[in-house]
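Take a look at the structure set out below.
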Amino acid sequence: MSSVIIRSAELSDARALAKLAARTFEETFGADNSPEDLKILLKASYGEAQQAHEIADKDVRTLLAYLDKELIGFAQVRRKIFPTCVVAQNPVELHRFYLARSAHGTGAAEPLMVSAREAAQELGGLHLWLGVWERNPRAIAFYLKSGFTQVGSHNFVVGSDTQTDWIFIAPLPKAGASST
């Protein structure tokens, strides 16, 4: 069985990350959004310059997941203003968490989540929160299995379409405690 390798992104990874990010977002949400709306979001969120900016940001941690030397997923955690339904101490956002469709079912999500939790702790987080589209049952099931609970919702805009993201939160393990 192949092992998943997780590492921090570097500026030189921006192009490959931008391609993977756009591809995984389109794989996940393309069928449920208009091509025009999808194009607007992809251009604004997943260009090479945007990824380079996020990799360089001291308040963001970008993690890359490899399986057999192929980039198959990524996660980004960041310190950011959080929704009012997140009433936990020192919350850090799991801003993005994506695996290529070809990597679904490989077990890659678990180590990527462990690394995302560790990155959130590096940013001073005691809790990890995220928004997930209410119409994404696969992701919702994974987050529930990973110890998250729903605490509210907020709007997420894809192009001209306002959608509902459910907000989930999970405590981070105390320093020195095992996260498994």
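The values are calculated or read from the model by the stated rules, or taken from the named source; none is laboratory data. Every value quoted in this text rests on a predicted model; they were computed, and no experiment measured them. All Cβ positions, even for glycine, are placed from backbone atoms using ideal geometry, and neighbour counts span all protein chains on display.
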State yes or no: is Gln163 polar (S, T, N, Q), more than 30 Å from Asp37 (Cα to Cα) and touching a residue at least 12 places away in the same chain (Cβ under 8 Å)? no
If you scan segment 32-49, which residues turn out to be over 16 Å from Leu20 (Cβ atoms) and assigned to a loop (DSSP other than H, G, I, E, B)? Asn33, Ser34
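Given the criteria more than 13 Å from the chain's Cα centre (by Cα) and either surrounded by 13 or more Cβ atoms within 10 Å (Cβ to Cβ) or within 22 Å of Val158 (Cα to Cα) (or both), does His95 qualify?
In short, no.
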For segment 163-176, give me the residue count where each residue is of a type outside the set (Asp, Glu) and either buried (at least 17 other Cβ atoms within 10 Å of the Cβ) or closer than 14 Å to Phe29 by Cα (or both). 8
Matching entry among Gln51, Gln89 (being farther than 17 Å from Gly131 by Cβ and either touching a strand residue (DSSP E or B) at 6+ places or on another chain (Cβ under 6 Å) or surrounded by fewer than 20 Cβ atoms within 10 Å (Cβ to Cβ) (or both)): Gln89
Could you check segment 3-47 and list, in sequence order, the residues that are exposed (fewer than 15 other Cβ atoms within 10 Å of the Cβ) and either among the small types (Gly, Ala, Ser) or without any contact (Cβ under 8 Å) to a residue 40 or more places away in the chain (or both)? Ser3, Ser8, Ser12, Arg15, Lys19, Gly30, Ala31, Ser34, Pro35, Lys43, Ala44
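Take the residues in segment 50-102 that are outside any loop (DSSP other than H, G, I, E, B) and of a type in the set (Lys, Arg), then tell me which one is farthest from Leu172 (Cα to Cα). Reasoning before the result, please.
Pass one, segment 50-102, residues outside any loop (DSSP other than H, G, I, E, B): 50-56, 60-67, 70-78, 91-99, 101-102.
Narrowing the set further to residues that are of a type in the set (Lys, Arg) leaves 61, 78, 96, 101.
On the way: Arg61: 16, Arg78: 14, Arg96: 17, Arg101: 27 Å.
So, considering only residues that are outside any loop (DSSP other than H, G, I, E, B) and of a type in the set (Lys, Arg), the one farthest from Leu172 (Cα to Cα) is Arg101.
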Kindly indicate whether Val114 is farther than 22 Å from Ala31 by Cα, at pLDDT 95 or above, of a type in the set (A, V, I, L, M) and under 14 Å from the mean Cα position of the chain (by Cα). yes
Selection from segment 99-139 of residues aromatic (Phe, Trp, Tyr) and surrounded by fewer than 22 Cβ atoms within 10 Å (Cβ to Cβ) yields Trp133
